[in-house]
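What follows is a single structure, written as structure tokens, with notes after it.
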Amino acid sequence: MEKGKIIELYRKMLEIRLFEEKVFELYGQNIVPGTIHLYIGEEAIAAGVCSNLRKDDYIVSTHRGHGHCIAKGARLDMTMAEILGKKTGYCRGKGGSMHIADFSVGMLGATAVVGAGIPIATGAGLSIKLRGTDQVVACFFGDGAANQGTFHEGINLAAVWKLPVVFICENNLYAMGTCQSQVMLIKDIAERATAYGIPGVSVNGNDAIAVYETAEKAIKHARHGNGPSLIECKTYRHKGHSRFDPATYRPKEEVEEWLKKDPIQNLKRQLLEKGYLLNAGMAQIEREVNDIIEKAAQFAIDSPYPPPEEALENVYA
Amino acid sequence: MSMHNGDGKMRVITYRDAIREALLEEMKRDNTVFLLGEDIGRCWEGAFKVTKGLAEEFGDERVRDTPISESAIIGTAVGAAITGMKPIAEIMFGDLTTLAMDQIANQAAKIHYMFGAQAKVPLVIRTPFGGGVNIAAHHSQSLEAWFMHIPGLLVAVPSTAYDAKGLLKTAIQGSNPIIFCEHKLLYPTEGPVPEEDYTIPLGIADIKNEGEDLTIVATMFMVHKALNAARMLKKEGLGIEVVDPRTLVPLDKKTIIDSVKKTGRLVIAAEDCKTAGVTAEIAAMVAEEAIDYLDAPIRRVAEPDTPIPFSPPLEKYVIPDERRIIKTIREII
Ligand SMILES: Cc1ncc(C[n+]2csc(CCOP(=O)(O)OP(=O)(O)O)c2C)c(N)n1
Ligand SMILES: [Mg+2]
């Protein structure tokens, strides 16, 4: 991977991290309604995958979707405004944190129904094939989603129809309080690819370059008409599942171990070691990212709520 | 509050604890009763903490955490139910019953009938419905009416701690699949519940407030809004009778009709969408069976036909409140 790309990757990840920290901060100030599922700790996956995608490629996202949006190129201000329920948000306040979409950059939406996005990604892949373009779909979902029927049905169909979809399982070892070993006898979810006759690979999801390179291959494979792949990214969420979750079901040592494997610190170290960036350069990126996030937050805070009657609009197209 | 046996001591507990007590008591009473659902075990104890402590009490075999597989949760429960067990399945959010709809509507509901009464399906499906906490379109719906539309299913809609416990015990002891609808906002609400064992039969409505001037039939969280509205209107000298059906299938037509005969005016309030909803069925029933007793047209308070929006002012706009109830009452009084 070339230097400029790695630096861009780093910047994207930092954007996601600082954005999520901002969401968390605003949440503490009681201005984020409902619940939130933060992506902190998993940034390398969205950034690593989406850095390989073109603007006209698609992604399908989940309840933990802020990072996917940002990585695919959605605007931070409109994303934040949606999370705050404002009229200027991507979905005019109708969707919120769990349901952000930005169709203008191929972000086909986050679904809060676990596993529901998988066949939708397959359908977008079918549409690409029928329309005869060379677009690709990246479909994000969690380890928990891999136990839904939609996982089997959606991936199998993409496989037999040879559709240009890359299925990205973000295995953060837990689905709410349920750890993977309670609900699966296998360790590597990528093994399931064998059952569908497609390539499957497990990768360190906290290593942005590894994710990038693995996704690069799978995306090329799909773009060239060779069908879907399953990539399992091993990762960990730094925070609880959602809003109030103190995540006490995770052993302390395990949490500490994973915090040491922070994907952003990881990449930062590599950049410094390789001499791609000096401390000053790092600091400048941080300042720039901080700045756009402050602006995005301010935009969201200053934006009005939608007028109540708008609730009745857009039920039908 | 007439149905408990005897007049033993009462204490005040939450709706959440009332449900937990029913689960606990029935699991103790009958060792074929077991629980299954996502994150109901010791790590999380239910998304709304209803199953708190139950895994410790009964072990992981009887309080089973499942993968995120709603269709398999209900299908598995059906299989266990037709072979001698009494499963109680929790679906974490009512919206997600849609993922298990084949197992609920085509399997659980039809097995007894379709197989000529050879098998029973003693299955309880507990699930929370309702909006009001800004979690948007996939976690806020009220789908009670969907289940009313499927012969073979029972539908309970308790609004108080007392009703929840008594109805759930009856449901667990019964022989039919039942959708036991809970409401997210009701979990922390408190009410008197007897210390002694009691059950409430299905199909018996409860008059939550007596009045002479108008009947409101309300369900779940709307019962409380209707009671608030009744309190406010009492100051103006209006007597509003609040009838809580407590179960939608079976529906206690008699209590509703008797109330309408007394007051001559009917408002129906439920949180689901208006079209083909809970209010529609009750309105049709009264129109068919008691129209001659009505002195004014029937009015309904329900959600407009939209998904539930996220943003607080939008959500507040679609979920009916006391103001809407009072405004509707004034239209016919
Ligand atoms: C079909 C469905 N079942 C249950 C839920 C409740 N729920 C929301 S997130 C979640 C856990 C998802 O775990 P995973 O897929 O591993 O994603 P993660 O949260 O770890 O990113 C559950 C059970 C839901 N939203 N949808
Ligand atoms: Mg997970």
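The values are calculated or read from the model by the stated rules, or taken from the named source; none is laboratory data. Since the structure is predicted, the reported quantities are computational estimates derived from the model, not experimental observations. Note: ideal-geometry Cβ built from the backbone for every residue, glycine included; neighbour counts use all protein chains shown. Ligands, DNA and RNA are excluded from the accessible area calculation, which covers all protein heavy atoms including side chains. Shrake-Rupley method; radii C 1.70, N 1.55, O 1.52, S 1.80 Å.
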Given the structure, is B:Ile268 of a type in the set (Val, Ile, Thr) and crowded, with 19+ Cβ neighbours inside 10 Å? yes
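Going through the stretch A:272-317 one residue at a time, which ones are basic (Lys, Arg) and either within 14 Å of another protein chain (Cβ to nearest Cβ) or in a helix (DSSP H, G or I) (or both)?
A:Arg287, A:Lys295
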State whether the residues of the stretch B:30-42 include one that is within 16 Å of ligand 2 (Cβ to nearest atom) and aliphatic (A, V, I, L, M). no
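Among the residues of the stretch A:25-69, write down those that are farther than 30 Å from B:Gly132 by Cα and β-branched (Val, Ile, Thr). Don't jump to the end; show me each part of the working.
Looking only at the stretch A:25-69, we keep the residues that are farther than 30 Å from B:Gly132 by Cα, and these are A:41-59.
Listed by number, the residues that qualify are A:Ile45, A:Val49, A:Ile59.
Given the criteria of a type in the set (D, E, K, R), more than 14 Å from ligand 2 (Cβ to nearest atom) and within 25 Å of B:Thr66 (Cβ to Cβ), does A:Arg192 qualify?
Yes, satisfied.
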Output the residue which, of all residues in the stretch A:173-201 that are part of a loop (DSSP other than H, G, I, E, B), touching a residue at least 12 places away in the same chain (Cβ under 8 Å) and more than 14 Å from chain B (Cβ to nearest Cβ), is farthest from ligand 1 (Cβ to nearest atom). A:Gly197
Single unsatisfied condition, B:Trp44 versus (1) within 14 Å of chain A (Cβ to nearest Cβ); (2) out of contact with any helix residue (DSSP H, G or I) (no Cβ under 7 Å at 6 or more places or on another chain); (3) more than 18 Å from A:Asn147 (Cβ to Cβ): (3)
Of these, B:Ala287, B:Ala283, B:Ala276, which one is open to solvent by 20 Å² or more (accessible area, probe 1.4 Å) and in a helix (DSSP H, G or I)? B:Ala287
Within 14 Å of chain B (Cβ to nearest Cβ), closer than 30 Å to A:Arg11 by Cβ and of a type in the set (Ser, Thr, Tyr): does that describe A:Tyr212? no
So B:Leu23 passes all but one of these: (1) within 13 Å of chain A (Cβ to nearest Cβ); (2) surrounded by 18 or more Cβ atoms within 10 Å (Cβ to Cβ); (3) under 30 Å from B:Val242 (Cβ atoms); (4) not small (Gly, Ala, Ser). Which condition number does it fail? (1)
Which count do you get for residues in the stretch A:115-131 that are closer than 18 Å to A:Ala145 by Cα and in a helix (DSSP H, G or I)? 7
Of all residues being assigned to a loop (DSSP other than H, G, I, E, B) and more than 9 Å from every other protein chain (Cβ to nearest Cβ) in the stretch A:132-149, which is nearest to ligand 2 (Cβ to nearest atom)? Just the residue, please. A:Asp143
Does any residue of the stretch B:78-86 turn out to be open to solvent by 20 Å² or more (accessible area, probe 1.4 Å), of a type outside the set (Val, Ile, Thr) and either touching a residue at least 60 places away in the same chain (Cβ under 8 Å) or within 14 Å of another protein chain (Cβ to nearest Cβ) (or both)? yes
Given the criterion among the acidic types (Asp, Glu) and without any contact (Cβ under 8 Å) to a residue 24 or more places away in the chain, identify the matching residue among B:Glu56, B:Glu144. B:Glu56
Exception for B:Pro307 within (1) within 14 Å of another protein chain (Cβ to nearest Cβ); (2) under 28 Å from B:Pro177 (Cβ atoms); (3) free of Cβ contacts under 8 Å to residues at least 60 places away in the same chain falls at (3)
Can B:Glu45 be described as within 27 Å of B:Gly130 (Cβ to Cβ), crowded, with 21+ Cβ neighbours inside 10 Å, within 16 Å of ligand 1 (Cβ to nearest atom) and among the acidic types (Asp, Glu)? no
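Among the candidates A:Arg237, A:Arg287, A:Arg243, A:Arg269, which residue alone is surrounded by 16 or more Cβ atoms within 10 Å (Cβ to Cβ) and of a type in the set (Lys, Arg)?
Numbers: A:Arg287 fails: surrounded by 16 or more Cβ atoms within 10 Å (Cβ to Cβ); A:Arg243 fails: surrounded by 16 or more Cβ atoms within 10 Å (Cβ to Cβ); A:Arg269 fails: surrounded by 16 or more Cβ atoms within 10 Å (Cβ to Cβ).
One residue alone meets the criteria, A:Arg237.
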Within the stretch A:156-165, is there a residue that is among the basic types (Lys, Arg) and within 16 Å of ligand 2 (Cβ to nearest atom)? no
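Checking the conditions here, which among B:Glu241, B:Glu236, B:Glu212 is open to solvent by 40 Å² or more (accessible area, probe 1.4 Å), touching a strand residue (DSSP E or B) at 6+ places or on another chain (Cβ under 9 Å), modelled with pLDDT of 95 or more and not in a helix (DSSP H, G or I)? Can you show your working first?
Details: B:Glu241 fails: open to solvent by 40 Å² or more (accessible area, probe 1.4 Å); B:Glu236 fails: touching a strand residue (DSSP E or B) at 6+ places or on another chain (Cβ under 9 Å).
Exactly one of B:Glu241, B:Glu236, B:Glu212 is open to solvent by 40 Å² or more (accessible area, probe 1.4 Å), touching a strand residue (DSSP E or B) at 6+ places or on another chain (Cβ under 9 Å), modelled with pLDDT of 95 or more and not in a helix (DSSP H, G or I), namely B:Glu212.
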Residue by residue through the stretch A:107-123, note down the ones that are surrounded by 24 or more Cβ atoms within 10 Å (Cβ to Cβ) and away from every other protein chain (no Cβ under 14 Å). A:Met107, A:Ala121, A:Thr122
